[in-house]
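Working notes, structure below.
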2 protein chains.
Amino acid sequence: MSNLDDCLLKFEVPEIIHGEGSLAVVGECARRLGGERVLLVTDPGVIKAGWVDQAIKYLEAEDLKYVLYDNVVSNPRDFQVEKGVDLYLRKKCDVIVAVGGGSPIDTAKGIGILASNNGQIYDYEGCNRITQPVPPLVCLPTTAGTGADVSQFAIVTDTRRSMKMTILSRAIMPDISIIDPCLLTTLPEHLIASTGMDALTHAIEAYVSSLSWPLTDPHSIHAIKLASNHLLRATQTRDLSALTGMTVASLEAGIAFSNAILGAVHALAHPLGGLYDLHHGLINSILLPVVVRQNMEHAQDKFAQVARAMGVKSRGMEAKDLAAEVPEKITRLIENLGLPTRLSQLGVKKEDIPSLAVLAKEEVCMLTNPYHYNVAEIEHIYKEVW
Amino acid sequence: MSNLDDCLLKFEVPEIIHGEGSLAVVGECARRLGGERVLLVTDPGVIKAGWVDQAIKYLEAEDLKYVLYDNVVSNPRDFQVEKGVDLYLRKKCDVIVAVGGGSPIDTAKGIGILASNNGQIYDYEGCNRITQPVPPLVCLPTTAGTGADVSQFAIVTDTRRSMKMTILSRAIMPDISIIDPCLLTTLPEHLIASTGMDALTHAIEAYVSSLSWPLTDPHSIHAIKLASNHLLRATQTRDLSALTGMTVASLEAGIAFSNAILGAVHALAHPLGGLYDLHHGLINSILLPVVVRQNMEHAQDKFAQVARAMGVKSRGMEAKDLAAEVPEKITRLIENLGLPTRLSQLGVKKEDIPSLAVLAKEEVCMLTNPYHYNVAEIEHIYKEVW
């Protein structure tokens, strides 16, 4: 049975509601999932931008009680999940609403796990270790990139080991994701850029993943097209139509990677994020061109399709030459976005690379990369962009 | 609130499991949804093909009890739903498994509605009239076309009025759809052809629908590509790879139309199906080219994309000329499939056309067609293919 189960293809997506002003249905959605007492997970930046007040207004309009939990930072920590669970249980909450980027959403997922499963968050690292159903979760993403609002992934930092844990389970797929592009209008430019590069990375890694299939591929390709068309303008002008394009890119990239999983960029990014507390999208952005260059020969035809989706004129070109355009295109985009291109710019120490490479080799995302790099090859990749 | 709600875009998909041999997970899935006593809805043809015996084996392997309900015909009737509900309640079932084409699946949806909602099946005609959650539903489609296994639609014939009722509600979206391409190997060629044309119709209607959006479009376009590439070969050779291609075409077309709704082909097909008890896919196939020809000028750019997806070489062609290729392409495909091209071949009487046109004008699927035809125009369309 489990052998068969491994070779079957899966596709799961939360209920998605998209549109300007859709924040207004948050109360209705929490109520529809059977909620009466909401744990509202967010962070101080989102509160400051005014979106939490708005969300509360709509929760109250449905006569829902709520408790605010905003003890969340970028790269959420194990102990922040634990404190959130305490609050959830003490206040007898029965539904979780996350308003924010990947960090509040991943924190909310961690809280959900421990609210109905025993033990500690470390016990759930890896694939499918959650046995009890978790409380209902409604997400309102305020960034366009993480895909956490539609994925079965949660990334939580284990502070004992300074490591990012990947938790992957159908159980933590949110129930409803409400995507209101207006929420992106208060996002600083550099975060539009870096979370957007996260979306592009998701789409490319999901497309070349060994678990990609005809139901995930159209979303990957469309997300690559949308990010190529909208990311620069969204960052430079904050134009609502470009931001809306990026919300769909993020959604589709999230749908694709949640079902097809990821690859070497994420395998190399997670150890870095755990050790240095860096912004995940930024690390991905630095690693993406070099990993694509290494992966290229192992998935040439797929990278040729990526090139087409990125707008490379393909007439008369061989797949090999088309594929070779992808890292160039990505590099130019990153330069235009004004994002850093070297790990040393983020404070990564060269002497840490060997131990990072050992961790990256074992990362769950490496399993679905088109090629399984050994530790020496991973070190080489890190050094190339150091 | 309801005004906002109307302009938000939605995307909902059941959990999908796809692969050769996936029938084997049916027991595990029913069990995971909390089931202990299964109502197994199917039809005599599927039993004869041996798939029900196999399904039962996997239900028993999970220690599930089951009751068989096979009183289902093509274009399922109101009274068949009622008898199924009686059995469901009498045998204290708690989960429904449907094995078959659109008819057993729609019957199963109808049974689910009445198992937990009061009244008669007629009370639920139209949009969003179901108030109580329905029992869990696992679908195993044995055809590649209806999309009933992934859609929020159920079509049940009201025998008092000889009319097909369209029931449209999030509540009847199946929980899990298990797509095993092997189940298609026992399907007669003419059913591969006609259900495949149903899938192509779904994809095209969803793509040009006024509710289509960037999350449904990639699925519509990919479904059109897959059906164009695989339908003829699947019908002529029953080759498993072509059948597998058609299962994905059907899935993606189903995902697209469940979220973007349909158009005039379905609005005109449903009254015909209600009055004459004809095969839905066949009627769609006859109506599709003429409706596309009429719709073309109202969605020219979209039909140009449909042409590209169908393999029309687009270099240097204007959108208008590209769009004009679509009905020709469809007509050639239907001819190659050996399907009828006129309603008179199916026994439709010309004198019924005026009253059919009145019903078609009011059909819910007409609301999302790129143009709202009046009764005279609908009569004209029917007559053109009579």
(request) Among the candidates B:ARG37, B:ARG32, single out the residue that is within 14 Å of chain A (Cβ to nearest Cβ) and among the charged types (D, E, K, R). (result) B:ARG32
(request) Would you mind telling me which numbered condition in (1) under 21 Å from A:GLU205 (Cβ atoms); (2) in a strand (DSSP E or B) A:CYS139 fails? (result) (1)
(request) Could you grab the pairs with beta carbons closer than 6 Å, sequence gap of 6+ or different chains, first residue in the range B:14-26 and over 10 Å from B:CYS182 (Cβ atoms) and within 7 Å of chain A (Cβ to nearest Cβ), second one part of a loop (DSSP other than H, G, I, E, B) and of a type outside the set (Asp, Glu)? (result) B:ILE17/A:LEU8
(message) Given the criterion of a type in the set (A, V, I, L, M, F, W, C), surrounded by fewer than 16 Cβ atoms within 10 Å (Cβ to Cβ), assigned by TED's automatic domain parsing to the domain that holds A:TYR207 and out of contact with any Lys or Arg (no Cβ under 7 Å at 6 or more places or on another chain), identify the matching residue among A:VAL358, A:VAL306.
(response) A:VAL358
(request) Please specify each residue of the range B:145-179 satisfying the condition of being assigned to a loop (DSSP other than H, G, I, E, B), under 9 Å from the mean Cα position of the chain (by Cα) and within 13 Å of chain A (Cβ to nearest Cβ). (result) none
(message) Being within 26 Å of A:THR216 (Cα to Cα) and touching a residue at least 12 places away in the same chain (Cβ under 8 Å) is true for just one of B:LEU251, B:LEU322, B:LEU339, B:LEU288. Which residue is that?
(response) B:LEU251
(message) Of all residues being under 17 Å from the mean Cα position of the chain (by Cα) and more than 9 Å from chain B (Cβ to nearest Cβ) in the range A:224-235, which is surrounded by the most Cβ atoms within 10 Å (Cβ to Cβ)? Just the residue, please.
(response) A:ALA227
(message) Given the criteria among the charged types (D, E, K, R) and away from chain B (no Cβ under 14 Å), does A:GLU252 qualify?
(response) no
(message) Test of understanding: among A:ILE167, A:ILE172, which residue is in the same structural domain as A:GLU12 (by TED's automatic domain parsing), more than 19 Å from A:THR142 (Cβ to Cβ) and touching a residue at least 60 places away in the same chain (Cβ under 8 Å)?
(response) A:ILE172
(request) Please find, among B:ALA148, B:ALA154, the residue that is within 13 Å of B:SER103 (Cα to Cα) and without any contact (Cβ under 8 Å) to a residue 60 or more places away in the chain. (result) B:ALA154
(request) Scan the range B:109-156 residue by residue and report those that are aromatic (Phe, Trp, Tyr) and buried (at least 16 other Cβ atoms within 10 Å of the Cβ). (result) B:TYR124, B:PHE153
(message) Looking only at the range A:224-243, how many residues end up being of a type in the set (D, E, K, R) and touching a Lys or Arg at 6+ places or on another chain (Cβ under 7 Å)?
(response) 1
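The values are calculated or read from the model by the stated rules, or taken from the named source; none is laboratory data. What you are looking at is a predicted structure, and each value in this text was computed from that prediction instead of being measured. All Cβ positions, even for glycine, are placed from backbone atoms using ideal geometry, and neighbour counts span all protein chains on display.
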